[in-house]
Amino acid sequence: MTATSQKDWTTDVREILRVGPGFRLSDVDADSSPGHNGDKDAGGRDLEAGVAQLEEYQERLFAASRSEATDASVLLVLQAMDTAGKGGIIRHVVGSVDPQGIMLTAFKKPTPEELAHDFLWRIEKRAPTPGMIGVFDRSQYEDVLIGRVRELAPPAEIERRYGAINDFEKRLSDAGTRIVKVMLHISPEEQKERLAERLERPDKHWKFNPGDIDERALWPAYMDAYQTVFDRTSTDHAPWYVIPANRKWYARLAVQALLLEALEDIDPQWPAATFDVEAEKARLAAS
């Protein structure tokens, strides 16, 4: 069963969510669930139905790479405004597979050592190796989002970075990495509600950052920066997918479906035995 044949998907998730010519972020309804006919309960069933498939694909990919049968890998890039649900994706989607096959990196504010190098230096070090599913919780795109909005680099440097990112992603793709770039799109109203919940719940206080309120004042500037990112870096080898994320169940299901499609394209196979299976069975029986 492929991701698109799960009960309530009505179309290929890659087609309906992909950033293509003429895409405008302002046209995306963050409350919508494009391509899926079900409600939250149906979405939960589809998510659960995809877990076994995702687990098997991940294990096959990992096993094939250990026998050098494949050099393929997957990179999931997660970008979003604060509270959009990146953590939930990591827990409920990525967290459903064997952690041995995952390379998760949450990129924080660059350290002095990282700032002494080109912005891609720390990113390239965390690119997934063969057989792995890499996950970037924030990514190289921070350097053209926050970097642009907060004017942390000159305009000419920001401009250079778009091309550098495209070149980097083309190298990854040519080396066998399937790149899935996701922007979880929530509305400012939904973000306000989620921030308010964090303030009301002591068990969520650790997740609250007072700076998030300051960033809300820059919402239009961030949306413009994201639009430029899509215009400049959504390519055939590394397309962007914008997922409406006001409904957490839909965002999680859509990301799972995109990962399943990427792994289905790779179609990793179990490696053949490097020993005589029947002879080993006989030896074991006699032991």
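The values are calculated or read from the model by the stated rules, or taken from the named source; none is laboratory data. The structure presented is a predicted model; accordingly, all values stated were derived computationally and were not measured. Cβ sites come from the backbone with ideal geometry, for glycine too, and all protein chains shown count toward neighbours. Keep in mind that these areas ignore ligands, DNA and RNA; they rest on the heavy atoms of the full protein, side chains included. Shrake-Rupley method; radii C 1.70, N 1.55, O 1.52, S 1.80 Å.
Overview of values
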item	result
Answer from A80, A84 - the residue that is within 19 Å of G134 (Cα to Cα), aliphatic (A, V, I, L, M) and either free of Cβ contacts under 8 Å to residues at least 12 places away in the same chain or touching a Lys or Arg at 6+ places or on another chain (Cβ under 9 Å) (or both)	A80
Of the criteria (1) part of a helix (DSSP H, G or I); (2) open to solvent by less than 60 Å² (accessible area, probe 1.4 Å); (3) modelled with pLDDT of 95 or more, which one K204 fails	(3)
Filtered residue count, segment 73-102, keeping only those that are open to solvent by 10 Å² or more (accessible area, probe 1.4 Å) and more than 13 Å from the chain's Cα centre (by Cα)	8
Set R66, R138, R150, R160: member being in contact with a Pro (Cβ under 9 Å, 6 or more places away or on another chain) and either open to solvent by 10 Å² or more (accessible area, probe 1.4 Å) or acidic (D, E) (or both)	R66
Only one of V255, V180, V229 that is under 30 Å from R150 (Cα atoms) and not in a helix (DSSP H, G or I)	V180
Flag for A42 being out of contact with any helix residue (DSSP H, G or I) (no Cβ under 8 Å at 6 or more places or on another chain), touching a residue at least 40 places away in the same chain (Cβ under 8 Å), over 26 Å from S139 (Cα atoms) and among the hydrophobic types (A, V, I, L, M, F, W, C)	no
Residue list for segment 236-252, restricted to those being outside any helix (DSSP H, G or I), over 22 Å from D167 (Cα atoms) and out of contact with any Asp or Glu (no Cβ under 9 Å at 6 or more places or on another chain)	I243
Looking only at segment 12-61, and only at residues there that are in contact with a Phe, Trp or Tyr (Cβ under 8 Å, 6 or more places away or on another chain) and of a type in the set (D, E, K, R), the one that is most open to solvent (accessible area, probe 1.4 Å)	K40
Subset of segment 269-279 (residues that are open to solvent by less than 80 Å² (accessible area, probe 1.4 Å) and modelled with pLDDT under 95)	P271, A273
Condition check for E124: open to solvent by 50 Å² or more (accessible area, probe 1.4 Å), closer than 30 Å to D27 by Cβ and free of Cβ contacts under 8 Å to residues at least 60 places away in the same chain	no
